[in-house]
1. Quick check, is ASN171 of a type outside the set (D, E, K, R), open to solvent by 30 Å² or more (accessible area, probe 1.4 Å), in contact with a Leu (Cβ under 7 Å, 6 or more places away or on another chain) and assigned to a loop (DSSP other than H, G, I, E, B)?
2. Which ones in segment 81-103 are surrounded by fewer than 16 Cβ atoms within 10 Å (Cβ to Cβ) and assigned to a loop (DSSP other than H, G, I, E, B)?
3. List the number of the failed condition for PHE72; all other conditions in (1) open to solvent by less than 80 Å² (accessible area, probe 1.4 Å); (2) farther than 30 Å from CYS121 by Cβ hold.
4. Just give me the residues in segment 178-192 being in a loop (DSSP other than H, G, I, E, B) and crowded, with 19+ Cβ neighbours inside 10 Å, in sequence order.
5. Consider GLN195 carefully, then state whether it is open to solvent by 80 Å² or more (accessible area, probe 1.4 Å) and not in a strand (DSSP E or B).
6. Would you pick out the residues in segment 203-219 that are assigned to a loop (DSSP other than H, G, I, E, B) and of a type outside the set (Ser, Thr, Tyr)?
7. Quick check, is ARG23 assigned by the TED database to the domain that holds ASN78 and modelled with pLDDT of 90 or more?
8. Of all the strands (runs of 3 or more DSSP E) wholly in segment 220-321, which have at least 1 residues that are open to solvent by 20 Å² or more (accessible area, probe 1.4 Å) and touching a residue at least 40 places away in the same chain (Cβ under 8 Å)?
Amino acid sequence: KDIDECATGTHNCRADQVCVNLRGSFSCQCPSGYQKRGDQCVDIDECTLPPYCHHRCVNTPGSYYCQCNAGFQLASNNHTCVDINECDANNPCAQQCYNILGSFICQCNPGFELSSDRINCEDTDECRTSSYICQYQCVNEPGKFSCVCPEGYQVVGGRTCQDINECETTNECREDEICWNYHGGFRCYPRNPCQEPYVLTSENRCVCPVSNAICRELPYSVVYKYMSIRSDRTVPSDIFQIQATTIYPNTINTFRIKSGNENGEFYLRQTSTVSAMLVLVKSLSGPREHIVDLEMLTVNSLNYRTSSVLRLTIIVGPYAF
């Protein structure tokens, strides 16, 4: 009957060896993960042998295990590494998360930008990006911005300011007044602007009757006109044309600025024998009102002189739009 030396302890195997009973004898072997080198058992470096780990192999005494890079986890076979979907597992992003192989990317909703930690989102101050984003004033809001306009204007197209025609909306003028809209507001002017000895003959036209002796030293007619211009208009700029309404034969017409040009903001350029152009030569800032008298002097071959005045009220708006 075979004696089991391993069971009886009559073998001479080392402590780091495993006794294996044989028929009529015994054998000293190395445990799993070790190999015999002479009389000693030395560890086998499994990381140098197949099957290899997908990413990293860590050798241990008598064994080994596999490790995965960040963003991966071991599959059930303990060798293969599979991607971790961080967006599904525990969304680390403040707003939008996009999974990529081994990692993830955070993105922000429109109107926000990634902070330095690449995870959180900070509001984008669009108003700081450009001074031209709004025509007048930009107001930053969480995730967006809005444009506002000054009083007398309304926002058009989200960014542009358009003048409100108060004469069509909230006309506050009296019955004996006419409403004149200008850039940024409105004004009321008398329907009958004539002053003695002038009398109203048609809308905005006042005539001094020749039967009145006082009229011999005064312009025969005064016509009242109104116009609006924006503030800080580019100069020089043609702004208003004056033209004779009645043309007489054998007469010469000359034009001049009679009053209202004390600071030299205007120049009157004669364009024909019966017309002239008012030119703005100095930029005007509003809001302000200019009243300029443009005179046409008519002389005939018998040296008969008469004149007519166009009283032009120029309203300069408060802004350049």
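The values are calculated or read from the model by the stated rules, or taken from the named source; none is laboratory data. Only a predicted model underlies this, so the values are computations on that prediction, with no experimental measurement involved. FYI the Cβ positions are ideal-geometry reconstructions off the backbone, even for glycines, and counts take in every protein chain you see. Accessible surface is based on the protein model in full, side chains and every heavy atom, while ligands, DNA and RNA are left aside. Shrake-Rupley method; radii C 1.70, N 1.55, O 1.52, S 1.80 Å.
1. Working: of a type outside the set (D, E, K, R): yes; open to solvent by 30 Å² or more (accessible area, probe 1.4 Å): yes; in contact with a Leu (Cβ under 7 Å, 6 or more places away or on another chain): no; assigned to a loop (DSSP other than H, G, I, E, B): yes.
Here the answer is no, as ASN171 does not meet what is asked.
2. Within segment 81-103, ASN85, ASN90, ASN91, PRO92, GLN95, LEU101, GLY102 meet the criteria.
3. (2)
4. Step one: list which residues in segment 178-192 are in a loop (DSSP other than H, G, I, E, B), which gives 183-184, 191-192.
Correct list: HIS183, GLY184.
5. On the way: open to solvent by 80 Å² or more (accessible area, probe 1.4 Å): yes; not in a strand (DSSP E or B): yes.
Here the answer is yes, as GLN195 does meet what is asked.
6. Initial filter on segment 203-219 (assigned to a loop (DSSP other than H, G, I, E, B)): 203-204, 208-212, 218-219.
Listed by number, the residues that qualify are GLU203, ASN204, CYS208, PRO209, VAL210, ASN212, LEU218, PRO219.
7. Values: assigned by the TED database to the domain that holds ASN78: no; modelled with pLDDT of 90 or more: yes.
It is false that ARG23 is assigned by the TED database to the domain that holds ASN78 and modelled with pLDDT of 90 or more.
8. Numbers: elements: 221-229, 237-243, 251-259, 266-270, 275-280, 288-300, 305-316.
Hits in segment 220-321: 221-229, 237-243, 251-259, 288-300, 305-316.
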